[in-house]
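For reference, the structure is listed below as structure tokens.
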Amino acid sequence: MKRLLVVLIAVAFVSGAQAYAHHSFAATYFEDKTAKIEGKLVQFLFRNPHSFVHVEAPDESGQMVRWAVEWGGAGQLGGQGVTRETLKAGDVVTITGNPGRNPADHRLRMVSLRRKSDGFGWGAKPGEVVD
């Protein structure tokens with residue numbers, strides 16, 4: 001009977017734990033490279049497990065394209081002062097990020113974000129200057 005109780009407690013504990021399966025950023029992005037885009041924010045998806053910023057900005061050839069920029073989750077960003085109201089469609093932003101492995105996807109993984117209109121910035125470490 002004691003053994004059954006231990007098994008039931010273990011099953012309850014394991015079944016209540018969150019699964020932490022996650023994709024590899026290294027498989028999706030070049031972590032040793034950075035790219036910078038400047039453009040108009042089209043959409044800000046503040047959600048878990050990852051938020052996304054969609055920006056219309058030129059690609060390397062100068063063609064205007066929609067970039068998908070992957071950011072932290074809502075819980076993580078909220079702890080850093082970012083809310084669903086922080087960014088609005090139409091904001092002009094400069095984003096530095098790790099480029100996606102497939103250039104045709106126009107993807108970045110967020111490293112830093114700046115909005116010149118009011119000086120808002122995210123991503124700089126103490127003492128680091130990001131344009």
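Annotation: the residues Phe46, Phe25, Phe120, sorted from fewest to most other C-beta atoms within 10 Å of their own C-beta, follow the order Phe25, Phe120, Phe46. Using 0.36 nm per residue and subtracting the Cα-Cα separation, the extra length available between Asp118 and Asn48 on full extension is 22.5 nm. The distance between label points at Ala27 and Glu85 comes to 3.9 nm (points 7 Å beyond Cα on the Cα→Cβ vector). When only the Cβ of Lys, Arg, Asp and Glu is charged (+1, +1, -1, -1), the dipole of region 35-110 relative to its Cα centre reaches about 200 debye. Counted over region 28-121 with a bin width of 10 Å, the fraction of Cα pairs per bin, in whole percents, is 17, 53, 28, 2.
Where a number appears in this text, it was derived from the coordinates with a stated rule and is not lab data. In this text, all values refer to a predicted model and were calculated from it rather than measured experimentally. Every residue, glycine among them, receives a Cβ derived from its backbone with ideal geometry; neighbour counts consider all protein chains shown.
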